[in-house]
Amino acid sequence: MSDTLVGAPPTASRAIPAAATQPRPFRLVRHSLALAKRSLIKTWRTPEALIDVTLQPVLFLVIFVYIFGGAVAGSTHDYLQFLLPGILAQTIATGAIAIGVNLNTDIAKGIFDRFRSLPIPRSAPLVGAVLGDVVRYVIVTVSTLAIGYLLGFRIETDPLRAIAGCLLAVLFALCLSWLPVFVSMKVRTPGAVQGLMFALIMPLSFASNVFVDAGTLPGWMQAFVRVNPMTHLVESVRGLFLGTPVGAHVWWTLLWCAGFVAVFMPLALRAYRRKI
């Protein structure tokens with residue numbers, strides 16, 4: 001009869017959580033989507049945070065069309081047709097500022113300290129925040145087109161190209177979002193994020209073809225307007241909405257989108273790792 005060894009080491013290996021065995025890209029996507037859902041819930045519970053993407057395009061369209069439309073284009077309807085794609089581009093760009101303000105606020109409140117203690121990829125909170133902002137950009141696109149149609153704006157191309165114009169604007173905003181994300185990692189307060197981002201976005205908006213034709217601007221300014229990413233976006237959206245010549249503007253817009261991601265996403269992630 002063999003002796004039974006008491007206290008012998010167990011032969012069964014420790015169970016490894018299934019989530020820990022998943023490939024890293026899959027884990028990043030899964031956790032980023034979960035945190036994007038958190039952002040959407042936060043937006044749903046604070047609808048006043050959507051004022052900048054719902055009320056702002058209405059104010060800009062009404063003010064500029066009915067005050068400056070006759071002087072600029074000779075007709076409020078003609079100016080509305082010209083202006084709406086530009087207002088969509090401007091509002092969707094300024095709407096991206098909110099993500100930097102919100103991230104800086106969350107960091108100040110210590111929420112990201114909690115994220116650091118969780119078994120999630122370090123970049124998931126930032127990627128999730130950017131993905132969660134898709135809803136804001138869709139809202140600003142729908143609200144701008146809705147008020148535009150009430151004022152008399154009409155898309156003069158087919159629905160496919162109109163949808164392509166909307167998607168291009170949303171893509172531009174998503175890629176541009178990495179700039180305010182980076183800024184939010186480098187400055188101390190939400191107010192500083194907002195002030196700095198407005199100082200960056202406003203020149204891009206006004207020194208462009210958003211409000212007037214670029215040919216009416218001074219020669220020295222036209223040089224900047226021609227390389228301004230907002231100019232390429234506005235010309236692309238105008239062409240897709242109204243059938244005006246697009247040329248290479250769509251490709252330039254996509255190139256700017258790739259540049260924003262290639263430059264500011266790594267910088268934001270690096271700053272985030274150092275800050276948290």
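Does Asp113 satisfy the condition of being open to solvent by 40 Å² or more (accessible area, probe 1.4 Å), at pLDDT below 90 and more than 20 Å from the chain's Cα centre (by Cα)?
yes
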Subset of the stretch 129-179 (residues that are touching a Pro at 6+ places or on another chain (Cβ under 7 Å) and either of a type outside the set (Gly, Ala, Ser) or under 18 Å from Ser236 (Cα atoms) (or both)): Val140, Thr144, Ile147
Which pairs do you get when a residue that is within 21 Å of Ala108 (Cβ to Cβ), found in the stretch 257-276, comes within reach of a residue that is in a helix (DSSP H, G or I) and among the charged types (D, E, K, R), reach meaning Cβ atoms under 8 angstrom, with the pair 6+ apart or on two chains? Ala271/Lys186; Ile276/Asp113; Ile276/Arg116
If I filter the stretch 147-168 for residues that are touching a residue at least 40 places away in the same chain (Cβ under 8 Å), aliphatic (A, V, I, L, M), within 27 Å of Pro266 (Cβ to Cβ) and assigned to a helix (DSSP H, G or I), do I get at least one hit? yes
Filter result for Asp78 (closer than 29 Å to Val246 by Cβ, over 16 Å from the mean Cα position of the chain (by Cα) and of a type in the set (Asp, Glu)): yes
Considering every residue within the stretch 159-178, establish whether at least one is over 23 Å from Met230 (Cβ atoms) and open to solvent by 40 Å² or more (accessible area, probe 1.4 Å). yes
Would you call Ile99 β-branched (Val, Ile, Thr) and over 20 Å from Phe206 (Cα atoms)? yes
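The values are calculated or read from the model by the stated rules, or taken from the named source; none is laboratory data. As the structure is a computational prediction, the values presented were derived from the model and not from experiment. Here the Cβ is made from the backbone with ideal geometry for all residues, glycine too, and neighbour counts use every protein chain on show. Quick note on the areas: whole protein, heavy atoms, side chains included, nothing else; ligands and nucleic acids left out. Shrake-Rupley method; radii C 1.70, N 1.55, O 1.52, S 1.80 Å.
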